[in-house]
1. Failed condition for residue 96, given (1) out of contact with any helix residue (DSSP H, G or I) (no Cβ under 8 Å at 6 or more places or on another chain); (2) more than 28 Å from residue 3 (Cα to Cα), with all others met?
2. Taking region 55-77, which residues are aliphatic (A, V, I, L, M) and part of a helix (DSSP H, G or I)?
3. Those residues that are farther than 29 Å from residue 10 by Cβ, β-branched (Val, Ile, Thr) and surrounded by 14 or more Cβ atoms within 10 Å (Cβ to Cβ), I need them from region 62-112; list them, please.
4. For residue 157, which of the numbered conditions (1) free of Cβ contacts under 8 Å to residues at least 12 places away in the same chain; (2) surrounded by 13 or more Cβ atoms within 10 Å (Cβ to Cβ); (3) within 27 Å of residue 3 (Cβ to Cβ); (4) not basic (Lys, Arg) fails to hold?
5. Just to check your reading of the model, which residue among 11, 35 is of a type in the set (A, V, I, L, M), over 21 Å from residue 130 (Cα atoms) and surrounded by 12 or more Cβ atoms within 10 Å (Cβ to Cβ)?
6. Just checking, how many residues over region 1-54 are of a type outside the set (Phe, Trp, Tyr) and in contact with a Phe, Trp or Tyr (Cβ under 7 Å, 6 or more places away or on another chain)?
7. Output yes when any residue across region 143-154 is of a type in the set (Phe, Trp, Tyr), over 30 Å from residue 44 (Cα atoms) and either touching an Asp or Glu at 6+ places or on another chain (Cβ under 6 Å) or surrounded by 12 or more Cβ atoms within 10 Å (Cβ to Cβ) (or both), and no when none is.
Amino acid sequence: MKVIKTFNDWVEKGLISLSVLLFIIYISLILLQVVSRNYLHLPVLWAQEVAIFCFLWTIFLGAAIGLRQRRHYLVEAFPKKMEKTNHSLSLVAHVLILFFVYVLIIGGYDFARMGLTRLSNALEIPQAYLFASIPVSGLVMFLFIIELISNDLRALFRKGAD
């Protein structure tokens, strides 16, 4: 279990660094577009596409990070002192997330494969580079959800709960 946590810690740090870099590029390109369009009167056509690529990758990688850190919406239906019940519900939620992750991986892979034949307008590169963010985030979510499920199981079967 410690191996999974250590590996996921490393993956999460890499994703955070990559997401920050992509977000900085995104903000810089939006600023470039505004300045070039409003002050220089020169449109920069490629900047919008690169900004969209960066934004989409940031969103999907951020969703994976948010899953591991349990930053998504949470409804507390039972008091915190009902630990076994809460851990059971958390386990059920994480198992259900596996189905969503499956859709991201399989559907995203098919979508990215279709993007190999479609070129972006300004850059004229395959849109698969954009769509690849979907299955990649699904694979990372799979790594993270396995860790969360094992944490739930360990907490559920821990002595002294409830």
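Quick note: the coordinates plus some simple rules give every number you see, no bench work behind them. All values reported here derive from a predicted model rather than from experimental measurement. Quick reminder, even Gly has a Cβ in these numbers, built from the backbone with ideal geometry, and neighbours come from all protein chains shown.
1. Residue 96 satisfies every listed condition except (2).
2. 56, 59, 61, 63, 64, 65, 67
3. The answer is 85, and nothing else.
4. So residue 157 meets the others, but not (2).
5. Selected residue: 35, the only one of 11, 35 that is of a type in the set (A, V, I, L, M), over 21 Å from residue 130 (Cα atoms) and surrounded by 12 or more Cβ atoms within 10 Å (Cβ to Cβ).
6. Selection size over region 1-54: 4.
7. Scanning region 143-154, I find at least one residue that is of a type in the set (Phe, Trp, Tyr), over 30 Å from residue 44 (Cα atoms) and either touching an Asp or Glu at 6+ places or on another chain (Cβ under 6 Å) or surrounded by 12 or more Cβ atoms within 10 Å (Cβ to Cβ) (or both), so the answer is yes.
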